[in-house]
2 protein chains.
Amino acid sequence: MKSTIPDTGVPITPPAGNGGDRQENRHEASLHGEILLRLRDYVVEGNIPEGARVPERRLCEMLGISRTPLREALKVLAAEGLIELLPNRGARVRQLSQRDLEELFDVMAGLESLAGRLACEAITDAEITAIEQLHYEMYGHYLHRDMHGYFQTNQRIHESIVAAARNETLKIAYANFAGRIRRVRYSANFARKRQRWAEAMREHESILDALRRRAGSELSDILFQHLRNKRTAAIEHLTEPQEDAPASA
Amino acid sequence: MKSTIPDTGVPITPPAGNGGDRQENRHEASLHGEILLRLRDYVVEGNIPEGARVPERRLCEMLGISRTPLREALKVLAAEGLIELLPNRGARVRQLSQRDLEELFDVMAGLESLAGRLACEAITDAEITAIEQLHYEMYGHYLHRDMHGYFQTNQRIHESIVAAARNETLKIAYANFAGRIRRVRYSANFARKRQRWAEAMREHESILDALRRRAGSELSDILFQHLRNKRTAAIEHLTEPQEDAPASA
DNA sequence: AGGACAAAGAATGAATGCAAAATAGCCAAC
DNA sequence: GTTGGCTATTTTGCATTCATTCTTTGTCCT
């Protein structure tokens with residue numbers, strides 16, 4: 001047995017009240033809602049080791065609250081799939097198997113594919129221009145081999161497409177699944193292969209092209225395939241890590 | 001104001017422990033998990049009027065438990081989008097606006113579209129045969145004008161496609177959204193127009209055809225359009241109700 | 001008579017308390 | 001030296017209790 005995380009395993013570093021509303025309706029008011037937001041970010045950011053046992057009591061001390069609202073928040077996070085609640089044995093950060101990741105990527109692919117299709121129905125020229133702008137910005141990052149900037153801009157592009165779909169329900173679901181994956185992305189930033197990178201740029205150009213033509217069904221296909229390729233790269237990277245550079249912390 | 005549901009408004013009829021596991025991981029063990037399953041079914045089946053205020057205390061009596069596990073279950077249901085929690089003002093069954101319904105239908109369409117695409121990658125001949133079987137069965141219901149049987153079989157077909165996608169994550173998400181919509185379907189069974197019915201049958205034949213050919217991207221398009229048409233019919237029906245017959249218990 | 005204010009009652013939100021289960025710690029036996 | 005069982009401590013699950021907020025009702029003033 002590797003270790004059942006020592007008592008000092010979980011650093012006592014409160015996530016410090018987040019600034020903006022993430023996805024939930026309007027939970028900010030009540031204490032359990034506040035806790036929910038903070039704990040979600042805390043988990044998503046990878047502050048708790050995978051599968052680590054986290055005593056409620058410790059979390060209570062960390063957050064300065066009693067167990068009741070904390071337990072309520074935990075139940076919600078479990079429903080969201082971020083953690084799992086073993087009966088009588090507390091909460092653990094959910095371990096995503098490779099299969100889980102594949103499934104998640106596919107669902108994300110489906111949602112983005114849908115977003116693209118819907119976006120074509122309602123997107124304005126201005127929005128397309130904005131995405132083009134982001135695209136060029138991203139291209140710049142690509143040329144400068146600025147991985148971080150690239151990923152950031154890439155994410156903004158995909159979020160813009162989702163936003164253009166004009167579907168709040170979709171947006172929330174998308175954010176939820178994205179959070180589950182980000183949990184992993186924090187520990188291992190993947191998809192850093194050069195070859196894949198160039199490929200992704202080309203795919204992004206097709207995306208823009210289809211978007212300009214409002215070719216919904218076509219864009220749907222491209223987006224799905226794009227995410228599928230991302231998935232493959234990610235899984236490969238996780239299977240045999242350390243491909244480019246650690247660059248953690 | 002119609003009424004703030006009188007004290008006797010919510011019938012004291014416990015949903016009586018459900019038989020099978022619906023979607024949650026394995027919450028059946030703990031009390032709050034049991035409560036969660038029962039309450040979810042209870043709400044989905046439409047036992048509580050839309051927007052009705054449901055005092056926790058009444059639910060506690062009905063379920064024979066204290067407020068703590070009930071409140072935990074309510075938080076989860078709120079996260080799932082079935083109910084909403086107004087701060088300091090209790091839980092209400094979520095009212096779905098027309099826009100909400102449109103959004104939900106589109107997301108369902110996206111998920112089924114994805115399911116079809118994935119199914120083409122892995123579905124076996126046996127599974128296709130089984131779906132064909134269901135299709136013929138449904139055609140029988142169609143010929144006999146058996147609305148209930150038709151819908152039941154129709155649902156099984158769509159579930160079979162989702163199952164064939166071999167993606168548990170997708171399946172769970174699908175079940176979640178289906179539950180939100182079913183909540184509405186119980187109060188108003190829609191899509192009963194003759195014309196639409198025949199159209200749906202034709203679409204189902206295209207679905208089968210694409211599935212046989214494992215034409216993923218094509219099936220994806222057909223399924224999306226199929227659900228889109230369903231959506232239109234549903235919204236129309238809700239806008240001008242009483243089209244066919246009330247048929248409410 | 002109608003509306004506004006105030007106080008009582010009720011309901012929600014959070015904390016504490018208590019019982020049951022699980023973990024670990026320890027001693028004895030093999 | 002290791003393994004098995006027993007006890008003590010910790011931790012979870014749920015109930016109960018306390019504080020705050022909302023709702024309602026009654027009264028007073030215009």
Point to revise | Complete set of residues in region A:102-127 that are over 16 Å from the mean Cα position of the chain (by Cα) and within 18 Å of A:Met201 (Cβ to Cβ) | key: A:Gly116
Review point. So which of A:Leu118, A:Leu111 is touching a Leu at 6+ places or on another chain (Cβ under 7 Å), under 26 Å from A:Gly216 (Cβ atoms) and away from DNA strand C (no atom under 16 Å from the Cβ)?
Key: A:Leu111
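Which residues, taken from region A:201-219, are among the aliphatic types (A, V, I, L, M) and either more than 14 Å from every other protein chain (Cβ to nearest Cβ) or surrounded by fewer than 17 Cβ atoms within 10 Å (Cβ to Cβ) (or both)? Spell out how you get there, then give the answer.
Kept after step one, since they are among the aliphatic types (A, V, I, L, M), are these residues of region A:201-219: A:201, A:207-208, A:210-211, A:215, A:219.
If the condition is that a residue be among the aliphatic types (A, V, I, L, M) and either more than 14 Å from every other protein chain (Cβ to nearest Cβ) or surrounded by fewer than 17 Cβ atoms within 10 Å (Cβ to Cβ) (or both), then A:Met201, A:Ile207, A:Leu208, A:Leu211, A:Ala215 are the ones that fit.
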Practice item. Kindly establish whether B:Arg53 is charged (D, E, K, R) and modelled with pLDDT under 95. Key: yes
Revision key, fill the gap. Checked against (1) polar (S, T, N, Q); (2) at pLDDT below 95; (3) within 16 Å of DNA strand C (Cβ to nearest atom), A:Thr68 satisfies every condition except (2)
Review point. Can you tell me which of B:Leu74, B:Leu114 is in the same structural domain as B:Glu203 (by TED's automatic domain parsing) and surrounded by 22 or more Cβ atoms within 10 Å (Cβ to Cβ)?
Key: B:Leu114
Review point. Mind checking whether some residue in region B:91-108 is more than 16 Å from DNA strand C (Cβ to nearest atom), surrounded by fewer than 20 Cβ atoms within 10 Å (Cβ to Cβ), more than 13 Å from chain A (Cβ to nearest Cβ) and among the aliphatic types (A, V, I, L, M)?
Key: no
Practice item. Would you please name the residue that is farthest from the other protein chains (Cβ to nearest Cβ), looking only at residues in region B:45-87 that are of a type in the set (Asp, Glu) and in a loop (DSSP other than H, G, I, E, B)? Key: B:Glu45
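The values are calculated or read from the model by the stated rules, or taken from the named source; none is laboratory data. Computed from a predicted structure; not experimentally measured. Methodologically, a virtual Cβ is constructed for each residue, glycine included, from the backbone with ideal geometry; neighbour enumeration extends over all protein chains shown.
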